[in-house]
1. Convert each backbone phi in region 471-480 into a coupling constant with the Karplus relation 6.51 cos²θ - 1.76 cosθ + 1.60 (shift: θ = phi - 60°), then list the ³J(HN,Hα) values in order as whole Hz, x for Gly and Pro.
2. Post the alpha-carbon centroid distance, region 331-365 to region 172-192, in whole angstrom.
3. Can you give the longest stretch of the chain with no exposed loop site, where a site means GluC sites (Glu not before Pro) in a DSSP loop (not H, G, I, E or B) with at most 16 other C-beta atoms within 10 Å?
4. Rounded to a whole number, what % of the accessible area of region 400-486 do carbon and sulfur atoms account for, probe 1.4 Å?
5. Compute the accessible area per residue over the chain, keeping the other protein chains in place, probe 1.4 Å, unit Å².
6. Which whole-number percentage describes the relative contact order of the chain, with Cα contacts under 8 Å and a sequence gap of 6 or more?
7. If you take the square roots of the eigenvalues of the alpha-carbon gyration tensor of region 155-282 and sort them as a ≥ b ≥ c, do you get rounded (a/c under 1.5), prolate (a/b over b/c) or oblate?
8. Between S9 and L259, what is the label-to-label distance in nm when each label sits 7 Å out along the Cα-to-Cβ direction?
Amino acid sequence: MGAAVKLESSVERFVGAPRKMLIDGKWVEAASGKTFETPNPATGQVLARVAAGDAEDVDRAVRAARRAFDEGSWARMAPAQREGILLRIADLIEKHADELAQLETLDNGKPFTESRHVDIPAAAGTFRYYAGWITKIYGETNPSDPAFFNFTLREPVGVCGQIIPWNFPLLMCAWKLGPSLACGNTSILKPAEQTPLTALRLGELLLEAGVPPGVVNIVPGFGETAGAALVRHPMVDKIAFTGSTEVGKEIHRETAATLKRVSLELGGKSPNIVFSDADTDAAVQGALLGVFFNAGQVCCAGTRLFVEQKLHDKFAEKLAQTAGGMQQGDPFDPATRVGPLVSKEQLDRVTGYLAAGKKEGAKPLIGGERNTEKGLEKGWFVKPTVFTGVKNDMKIAREEIFGPVVSVIPFKDENDAVLQGNATNYGLAAGVWTRDVSKAHRVARAIRAGTVWVNCYNVFDVVSPFGGYKQSGYGRELSSYALDLYTQAKSVWIKV
Ligand code: NDP
């Protein structure tokens, strides 16, 4: 599988020899000498071996980042020069887009069309957007007592530990590094153990673009060791984390000891609400995109699909029928819409939820099991699944599944839709489908979530903030809001 695609020679280099980590501008082995395997989710075969960073490597990386920050080679570089470097990073990502997309698909399993036309261009666009901010981060002159001149400087936070997940590996690097570099910080980035390859290739491109040694350090490894060491390290000023709510809470607790700044982008159980006056065909397509994009491994996936009672049965049937037409298989086949899950662990987790749903009485209209068709049996594929007969208190309606699984749930009226939609500990995103513009506005305001899409779903743009309400986390990524995560105000008083 995937063999029909002619891989870029640089991809072959990358998946062949063991990959090292980036510390202080140099590619080095783990201090322990240990490595771990990263497999191809479509075939289960080992793709590459990667240096397994641990507390000692994290300590070396943090000290390099601290030194680089304190020496000021980055924060005090002329803004226009830093802007030039970020623009070069964007250009290099675009220049190597085919190679990066191939690496992403091999390591994560997502369809190549998504890697090549969504993730990689968006990563380049994120660096380009934040390059533009570097010359526009202003302080203020404040109307103080005229006996003084008071102004604010907007300074970088310092050394940032950035821990990212496996669902959008390169894009998450860009969401973290774009704003932190723009604001003059230095970083230690820990990619997910399942998908370290594009982060490591990005490290090479960062050096080529002119990022000075120590400004970005990339330490692959495991969460409980490398990730935890980063969270605890006293020389780290800020942790930016994307991942599970469970680990987010752990980070919240652990960082209390050193009072680091923290931003958390966590899980979701997003309501996607379809009223009977909606354009049904558009809503079906939106529901599909909302839950089967990236095989459902998306924090804002619209996994609780609320459909107005009188439309419910017809809508569920239509959704199941359309989902049944989506091709699942080789991620390098341009016709493939749904790839494998990222890991065996994720496969077990998702099939566990399918079993729990069926046990509690939910009925799969389609799917409901692993896909072991010929050619897919060694990969970690789960059939796109549409459940009906789901009650809000069932496990599959409460917990984040992170797979291609949607629950279709009826509601009576607008009030009921909002009540059921908000009946979750999460608050990351929501969708509303209606032709009634007043209703759209009312529901968008009533839903407690960081993003609400009306008559669309999963629309992202670097200009718009993204983040959670409730247990979906705090802090906003993207847009000018992310600059608040990576700067702090200093008030300076001059006696006149
Ligand atoms: P995790 O939250 O465990 O992983 C996210 C990142 O955090 C990874 O880099 C991971 O390292 C790291 N990490 C894990 N434990 C710690 C720790 N104690 N201290 C510091 N860093 C840590 O998610 P999983 O990969 O285990 O996925 C489990 C579930 O989380 C999914 O099923 C999904 O529900 C949710 N999830 C949500 C995401 C989102 O976008 N909001 C993204 C990914 C998962 P390692 O490399 O070892 O995994």
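The values are calculated or read from the model by the stated rules, or taken from the named source; none is laboratory data. Values in this document were obtained by computation on a predicted structure and should not be read as measured data. A quick note on method: Cβ atoms are made from the backbone with ideal geometry, for glycine too, and the neighbour counts reach across all protein chains shown. When the accessible area is computed, the model is the full protein with side chains, heavy atoms only, and any ligands, DNA or RNA have been set aside. Shrake-Rupley method; radii C 1.70, N 1.55, O 1.52, S 1.80 Å.
1. Rounded to whole hertz, the list is 7, 8, x, 8, x, 10, 9, 6, 6, 5.
2. 31
3. The longest uninterrupted stretch comes out as 141-359.
4. Of the solvent-accessible surface of region 400-486, carbon and sulfur hold 51 percent.
5. Dividing the accessible area of the chain by its residue count gives 39 Å².
6. 18
7. prolate
8. So the two model labels end up 5.6 nm from each other.
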